[in-house]
1. Kindly provide the set of residues from the range A:64-80 that are assigned to a helix (DSSP H, G or I), buried (at least 16 other Cβ atoms within 10 Å of the Cβ) and in contact (Cβ under 8 Å) with a residue 60 or more places away in the chain, ordered by number.
2. Please verify whether the range A:106-118 includes one or more residues that are facing chain B (nearest Cβ under 10 Å) and on the phi < 0 side of the Ramachandran plot.
3. All but one of (1) more than 18 Å from the chain's Cα centre (by Cα); (2) over 23 Å from B:Ala18 (Cα atoms); (3) hydroxyl-bearing (Ser, Thr, Tyr) hold for B:Thr75; which doesn't?
4. Suppose we keep only residues that are more than 18 Å from the chain's Cα centre (by Cα) and in a helix (DSSP H, G or I) within the range B:92-141. Which one would you say is surrounded by the fewest Cβ atoms within 10 Å (Cβ to Cβ)?
5. Among the residues of the range A:143-165, is there at least one that is over 21 Å from the mean Cα position of the chain (by Cα), in a helix (DSSP H, G or I) and within 14 Å of another protein chain (Cβ to nearest Cβ)?
6. Do the conditions hold for A:Val130, that is, is it among the β-branched types (Val, Ile, Thr), closer than 26 Å to A:Leu22 by Cβ and out of contact with any strand residue (DSSP E or B) (no Cβ under 6 Å at 6 or more places or on another chain)?
7. Name the one entry in A:Ala47, A:Ala55 that is crowded, with 20+ Cβ neighbours inside 10 Å, assigned to a helix (DSSP H, G or I), of a type in the set (Gly, Ala, Ser) and more than 10 Å from chain B (Cβ to nearest Cβ).
8. Within the range B:188-213, take every residue that is among the aliphatic types (A, V, I, L, M) and away from chain A (no Cβ under 11 Å) and give me the one that is farthest from the chain's Cα centre (by Cα).
There are 2 protein chains.
Amino acid sequence: MLRNLDIGLSQANRQLVAMAGLVEEAIIAATHAWRQRSTARIQEVYAIEQRVNQAHIEVDSECVKLLALQQPMATDLRQIISLIKINTDLERMVDLAVNIAQNTEYFLKSPPVISTEDLSDMSDEVRVMVREALDAFVQKDERLARSVLLRDDKVDQYKRKIFDDVLAAMRRDPACIEQGLNVILIAKNLERVGDHATNVGEDVIYMSSGKDVRHSGGASPGVTRR
Amino acid sequence: MLRNLDIGLSQANRQLVAMAGLVEEAIIAATHAWRQRSTARIQEVYAIEQRVNQAHIEVDSECVKLLALQQPMATDLRQIISLIKINTDLERMVDLAVNIAQNTEYFLKSPPVISTEDLSDMSDEVRVMVREALDAFVQKDERLARSVLLRDDKVDQYKRKIFDDVLAAMRRDPACIEQGLNVILIAKNLERVGDHATNVGEDVIYMSSGKDVRHSGGASPGVTRR
C-alpha cells in the first residue's frame with residue numbers, strides 16, 4: 001500500500017518536473033529571441049515566467065505540507081529538502097531567462113554589428129547543462145548529475161573568450177559599445193543559468209547519496225572571474 | 001524546561017547570525033576594495049568566503065538534523081525552512097562579494113578615469129538593505145523586513161543611472177571602456193546583493209507571519225532591466 005507520504009512526494013515531484021519543463025522552454029525562447037531577432041520570443045519568456053512563479057509557490061507549499069503532516073525521515077526527508085532547493089534554483093533560472101529577454105530588447109535596437117557565434121555555442125552548452133540537470137533530477141541519476149558539474153568549466157571558458165573578444169571589438173569601434181555590453185550581459189546571465197544547473201546537479205547528488213558536494217571543488221559555482 | 005527542539009533551533013539561529021556577520025563583513029570589504037583601491041581588502045573578501053562556505057554547510061546540516069530528529073510543527077517548521085533559505089541567500093551574497101572583489105582586481109589595473117560617486121551611493125544603499133534584512137531576521141521584525149523590500153526600487157534606480165552614465169562615458173572616450181565595464185559589473189553584482197537581501201526580507205515575513213509575499217509585487221526581485 002502506498003503511504004500518504006509517497007503520494008505527496010510523487011505529487012510534488014510531478015509539479016517540479018512540469019515546472020522544470022517550463023523553465024527549459026523559457027531558456028530556449030530567450031536564446032532564440034536574440035538568435036532569431038524575434039520580439040515574439042521575448043514576450044513568450046515573460047509569459048512563461050508568470051506560470052513558473054505560480055508553480056514555485058505551489059511546490060514550496062506542497063513540500064512544507066509534507067514536512068508538517070508526514071514527518072518524513074532519512075531518504076524522504078532528503079528528497080523534500082532537495083525539492084525545496086531545486087525549486088528555488090528553477091525560479092532563479094526563469095528570472096535569468098527574463099534578464100536575457102530584457103538584454104535582447106536592447107540588443108535588437110540596432111542592426112547586428114557584433115559577432116554572436118561564441119554566444120550561440122555558449123548557449124548550446126548551457127542548454128545541455130540544464131537538460132542534463134533536469135534529466136538527472138527526474139531519473140535520480142547521480143552520474144548524470146556529476147556530468148553537469150564538469151560542463152561548468154567549459155561554459156566559463158566561453159564566457160571569458162566572449163568578454164575578451166567583445167571588449168576588443170568595443171575598443172576598435174565605439175559604435176559597438178552598447179551592443180557589445182548587451183552581449184556581455186547575456187553571456188553573464190547564461191553563465192549564471194549554468195551555475196544554477198550546477199546547483200541542481202549538486203542537489204541531485206545529495207538527494208541520491210546524502211553527500212554534500214558543495215564547496216568541494218575550490219571556488220563555488222557562483223564564483224567565476226568577473 | 002527547554003525542548004531539545006528549542007536548543008537546536010537556538011543553535012542553528014546562532015550559527016546563521018554569525019554567518020550573516022561574516023557576509024556583511026565581506027560586502028563591506030568588497031566595497032572598500034574599490035573605494036580605497038586596496039588589494040588587501042580584496043584578499044580579505046576571499047578569506048571570508050572560505051569561512052562562509054564552511055558555515056553554509058554546517059547550518060544546512062543542523063537544519064536537516066532538526067527536521068529529522070525533532071519533527072517540528074507549525075511555527076518551528078516554518079522557522080527551519082526559513083533558516084535553510086536564508087542560509088542559501090547568505091552564501092550567494094558572499095559569492096557576489098567575491099565577484100565584486102574580482103571586478104575590482106580588473107578595475108584597479110588602470111588609474112581611475114570613471115566617476116564612481118553613484119556607485120558609492122548605491123553600495124551604501126545596498127549595505128543598509130543587507131543590515132536591515134539581517135536585523136529583521138535576528139529580531140524577527142516583520143516591519144523592518146518590509147522596509148528592505150521598499151529599498152530595492154532605489155537600488156535599481158541607481159543601477160540604471162550608472163549604466164546610462166557609464167555607457168555615455170565609454171562612448172565619449174574609448175579609453176574608459178574596460179574600466180567602465182568593470183563599474184557596470186560591480187553595479188550589477190551590488191544589485192544582486194540587494195535582491196538576496198530582499199529574499200531574506202521575504203523569508204523573515206514568511207517566518208513570522210506564514211505569508212508568502214514572493215511574486216506579489218509584479219516582477220520578482222531577481223528580475224530587473226538588464
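The numbers here are math on the coordinates, done by the rules we state, and not lab data. All values reported here derive from a predicted model rather than from experimental measurement. Here the Cβ positions follow ideal geometry from the backbone for every residue, glycine too, while neighbour counts run over all protein chains shown.
1. A:Leu66, A:Gln70, A:Asp76, A:Arg78, A:Gln79, A:Ile80
2. Yes, some residue in the range A:106-118 is facing chain B (nearest Cβ under 10 Å) and on the phi < 0 side of the Ramachandran plot.
3. Tallying (1) more than 18 Å from the chain's Cα centre (by Cα); (2) over 23 Å from B:Ala18 (Cα atoms); (3) hydroxyl-bearing (Ser, Thr, Tyr), B:Thr75 fails exactly one: (2).
4. B:Glu117
5. yes
6. So A:Val130 passes the test.
7. A:Ala55
8. B:Met207
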